[in-house]
Every structure is written in structure tokens, then in C-alpha cells.
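Please treat every number below as a calculation from the coordinates, not as lab data. Note that the coordinates shown come from a computational prediction; the quantities given were computed from them, not determined experimentally. All Cβ positions, glycine included, derive from the backbone under ideal geometry; neighbour counts span all protein chains shown.
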Amino acid sequence: MAIPMDLQVNGQAVHLEVEPETLLVDALRNALQLTGTHVGCDTSQCGACTVHVDGKSVKSCTMLAVQAAGTAITTIEGLGSPGALHPMQAAFRQHHALQCGFCTPGMIMSAVDLLARNPNPSEAEVRAGLEGNICRCTGYHNIVAAVLDCAKVMNSAPSREKAHG
Amino acid sequence: MHTFVYQRATSLADAVAVLKAKPDARPLAGGMTLLPTMKLGLAAPSDLIDLSAIGDLRGIRRNGDRVVIGAMTRHAEVAASAEVRAAIPALASLADGIGDAQVRNRGTLGGSVANSDPAADYPAAVLGLDANVLTDRRTIAADQFFLGMFATALDAGELIRAVEFRVPKRAGYAKFPNPASRYAMVGVLVADYGGSVRVAVTGAGACAFRVPTLEAALGKQFSAAAIEGIEVSASELNTDLHGSAEYRAHLVGVMARRAVAAALG
Ligand SMILES: Cc1cc2nc3c(=O)[nH]c(=O)nc-3n(C[C@H](O)[C@H](O)[C@H](O)COP(=O)(O)OP(=O)(O)OC[C@H]3O[C@@H](n4cnc5c(N)ncnc54)[C@H](O)[C@@H]3O)c2cc1C
Ligand code: FES
Ligand code: FES
């Protein structure tokens, strides 16, 4: 039986009717057409489906849509726009931190959460912080470089507000 | 995934009542174990009772020689807690090493303890830190709680409210993580209570267990050297594609020495 629910997605109030077993990622991709959030494994391993729920990174393939009732969600579409990239998106582009790009939305959402908790991480902390995200192309080197550089850019910016995306 | 009835409980009594009325209903905490299990068709509960809106199940507080942590407290909250870091830093670092950041943002203490996965980290802390598991109806001492693989002393429909850990003089946790899953191949928690020492192992057997020979040696002298050369029997340990029982027995000794070093460090 469909359950009515209200939540915020990328700053907008949204009303949805979902089946109890609908996963959050399916509600985002199908009902809301936010297809930037990817499904890589569907078994909670790869992190491609990572979004922020009330500011915290979560694997949206391992959360029921109904569990998100009343929360505020940010997906990759809400982070920045083609004309105004989030500093993390800009750093990924600049450092060539992607090849096929499949893991990238989840990787960026995790990286933004990582810097929100730890604005000045060491390389080891970046690697540990991204343990929940798997990339089969890049070998991680450029991803780590992008996150470290983004930390520098955001720390020197007048306001760190954006870190909380 | 099979369909089910979803319900957000607003109080512990409410949740217990539904679980009592519906034998195939299951509580839902962080969902990090239950939802993947349901996706694989290994569980098909009739109802999911979401515990996340029950305020009483959240939070961390110091109570005398105990640190009391609510069942719905997320791993990330335990890892970041100033209270836990001050009283039992080994427990904060254990929580910080569970799975990955996304798993720690959702997974809960109560869900992990109720599940008693043989490779989970928290069971070593519950047993090693002489904890009590507080449920909706009684208090269960750690030594009586873990009964086997995915088996605990909880009755059907019994809910964990909180876990109270006894603050040690010093403690350390060391795990050898499975390189793919981050679950413990072997994890050892060592806690020194001044004269008596507890050593609890996870990942190696059907469920968390203590090692009396290591406890006795560390009780006399709390140093890594004191347990050098003590053999741990492989006879009841796990063999799987990740490692043999003998390998795990060896790792228990190595992790125990690292845990002692961490406690002293
Ligand atoms: C990719 C990944 C990696 C992981 N790595 C690790 C790791 O390295 N170490 C580790 O220890 N764990 C690991 N986990 C498991 C994780 O810690 C889970 O969060 C935990 O085991 C279950 O907690 P939960 O809150 O998600 O419970 P749920 O999945 O919601 O529930 C688990 C079980 O407990 C029951 N339950 C929940 N709450 C209660 C309660 N209060 N009272 C009674 N019963 C209850 C449920 O009905 C269910 O049967 C990992 C999980 C994933 C997906
Ligand atoms: S699709 Fe969710 S973790 Fe891989
Ligand atoms: S860029 Fe292809 S998976 Fe990461």
C-alpha cells in the first residue's frame, strides 16, 4: 500500500507516494528523475548511490524511501550546477579525478561529507574517508589529489559554508 | 524485496506491543544488515517497526563507572562522542573502524549487538568492557548475552534499549580487517580493570568469546611481552575462504598484543 510522505530534496519541498519496499535511490531516480545518483552494486558495497540525508552521507540503495520522510536530502544535482560547480566538482574536473564517471556522483557526495567533518584531512584520512566508495577506473590517485586540493581551496575561501552542500 | 507493512514506532512500549502482536514483525534500526538481507530474500518480515523516532533510544551519557549508550546511537556518533573519547577511547576508535563512513552514519549499536554477526566489532566491546545489555524487560550481562552465530539471549520480540559499558583503567582494540568488507577477520579488545583483565575476541569463532589464558597472564603483568608465546587453540575457530582456523588462532595472539600496545600507548 502506497505511503504518502513529505521531504525536502535539493532545497525543494517534495510530496511522494511510495510503496514500503521502495528504496530511496529508486524514489530519487524514478519518481523524481534525479538520475545523477547511480546504482553500481545494489548490495551496499560501492557507494555510487551516496546522497546526503540531513547532511550526512548515506547509501541510498540501503535506505527505504519511507525512512527519509521528514528529512532534507541533497543529491549531486543539488550540489552545484553546470554554470556554478561546487568546489569539489571543480576539483574533480581539474584533477581528472574520473574516467568513466560512474562512481563520480557518489564519490563527490562522500568527499563533501568528509570535508564537512574534517576540513583539513591528511592523505591517509582522505583514503580512509572514501573507503565506502569504489572506483574501478582511476586507481584513486587523482581522486585523492582532487579532495586534498579542494580542502585547500575551501579553507582559503572567505566562507566555508559551501562545504556543507 | 518482499513487501511488508512499515510503521514508525513513537515509543518503546508501542514497538514492543506491535512485536508481541505480530510474530513475523522485525525491528528496523540502521537497516545496514536487515535491508541487504531482505534484498537477498534471506528475510521476509511481515512488518518493519522503525525505531528511529523513539527518542529514549538515542544518546550517550556517563553514569558513575558506566558509559550508557542508547541502542539507536549511530556508529559515527559513538566515534565522535567527547564523552566516549574521554572515558573509553578504545570504544570510540572501534566504532570509527566499522565498515565505512556511510555505514557508520546509519548503523546502530543496538542493531549490531542484536545481530551478533560473528565478524562484527561491537560484540568484542560488549564482552571485553563487561557491559550490560539493557532491554525493554531486563538486564543481561555480556557474559550471558552472545550464544552463537547470529544467536543471542534476546527473546523473540525483545528490544535492546541501551548498552552500559564499564569504564576500564585502560583498554585497546585491534582488528585485522577483511580487506574487502572491513569486517573483522579477527578483532581483540583488551580491558584492564586494575588487577583483573578482560580479553574478548570477535571474528574468530561463532560469536564473541573471552580467552582466559590471556586474561590471566595480563592480570599478572599488563604488557605485550606477557602474552608472547601463549598459544590460542584453533579447535573451535572458523575456517572460511578468508582464512583457516589456525590462521585465525595466530591472529588472535597478534591482535591481542597490538590491543595491549594500544591500551598502553
Ligand atoms: C558495507 C558494510 C560494511 C560493514 N562493515 C562492518 C564492520 O566492519 N564491522 C561491523 O561490526 N559491522 C559492519 N557492518 C554492519 C553494520 O555495522 C550494521 O550497522 C550492524 O551490523 C547492524 O546495525 P543496524 O543498526 O544497521 O541494524 P539493522 O540492520 O536495522 O538490524 C539488524 C538486526 O537487529 C535487529 N535489531 C535492530 N535494532 C534492535 C534493537 N534495538 N533491539 C533488538 N533487535 C534489534 C533487527 O531486527 C535485525 O534483525 C557493515 C555493513 C555494511 C553494509
Ligand atoms: S549501489 Fe548502493 S552501495 Fe552500490
Ligand atoms: S571513474 Fe569509472 S568507476 Fe570511477
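Numerical summary
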item: More than 23 angstrom apart: percent of Cα pairs within the stretch A:1-127; result: 30
item: Packing-based ranking, highest mean first, of B:126-134, A:30-38 given that Cβ atoms within 10 Å are counted; result: B:126-134, A:30-38
item: Under DSSP loop assignment and at most 15 Cβ neighbours within 10 Å, longest GluC sites (Glu not before Pro)-free interval of chain B; result: B:1-227
item: Size descriptor, Kirkwood hydrodynamic radius, that averages inverse alpha-carbon separations across the stretch B:149-265, Å; result: 15.0
item: Vicinal HN-Hα couplings computed from phi for the stretch A:113-118 (Karplus, 6.51 cos²θ - 1.76 cosθ + 1.60; Hz; Gly/Pro x); result: 5, 4, 6, 5, 7, 9
item: At most 11 other Cβ within 10 Å, DSSP loop - GluC sites (Glu not before Pro), the stretch A:15-107; result: none
item: Label zone at B:D56, where the point sits 7 Å out along the Cα-to-Cβ direction: the stretch B:1-43 residues whose backbone N lies under 20 Å; result: B:7-22, B:26-30
item: Ellipsoid equivalent to the stretch B:57-264 - semi-axes via the Cα gyration tensor, in Å; result: 24, 19, 16
item: Over 29 Å (Cα to Cα) - which of A:K56/B:K39; B:K20/B:K175; A:K56/B:K169; A:K152/B:K175; A:K56/B:K20 fall in this group; result: B:K20/B:K175; A:K56/B:K169; A:K152/B:K175; A:K56/B:K20
item: Theoretical FRET efficiency, 1/(1+(r/R0)^6), r = Cβ-Cβ of B:S196 and B:R138, R0 30 Å, to 0.05; result: 0.75
item: Structure-based [θ]222 nm, chain A - -39500 (n - 2.57) summed over DSSP H runs of at least 4, per residue, nearest 500; result: -8500 deg cm²/dmol
item: Beta bridges by DSSP in chain B, antiparallel share as percent, to the nearest 5; result: 80
item: Distant-in-sequence amide H partners of B:D47 (H built 1.01 Å from N, under 5 Å); result: B:V5, B:A25, B:R26
item: Estimated D of the protein assembly as shown in µm² per second, where Rh is the Kirkwood radius over Cα pairs and Stokes-Einstein applies at 4 °C, 1.567 mPa s; result: 57
item: Value at 222 nm in deg cm²/dmol, rounded to 500, when DSSP H runs of n ≥ 4 in chain B each add -39,500 (n - 2.57); result: -9000 deg cm²/dmol
item: Backbone HN-Hα couplings from phi across the stretch B:12-20 [Karplus 6.51/-1.76/1.60, Hz, Gly and Pro as x]; result: 4, 4, 4, 5, 4, 4, 5, 5, 6
item: Hits among aspartates and glutamates - C-alpha to C-alpha of A:K59 under 13 Å, sequence gap 8 or more where chains match; result: A:D26, A:D42, A:D113, A:E131, B:D100
item: Percent of beta bridges antiparallel (DSSP, the protein assembly as shown, rounded to nearest 5); result: 85
item: Cα convex hull of the stretch B:5-47, projected area averaged across orientations, nm²; result: 3.0
item: Trypsin sites (Lys or Arg not before Pro) restricted to DSSP loop in the stretch A:56-165 with at most 14 other C-beta within 10 Å; result: A:R136, A:R160
item: Inter-site label distance for A:H141 and B:D14 at 7 Å from Cα along Cβ, in nm; result: 5.5
item: Cysteines, chain A, no other Cys beta-carbon under 4.7 Å; result: A:C100, A:C137, A:C150
item: Max mean-square fluctuation residue, GNM over chain B, Cα-Cα springs under 10 Å, options B:P212, B:P123, B:P177; result: B:P212
item: Amide N of the stretch B:1-15 lying under 19 Å from the label point, which is placed 7 angstrom from the Cα of B:S46 along Cα→Cβ; result: B:2-9, B:14-15
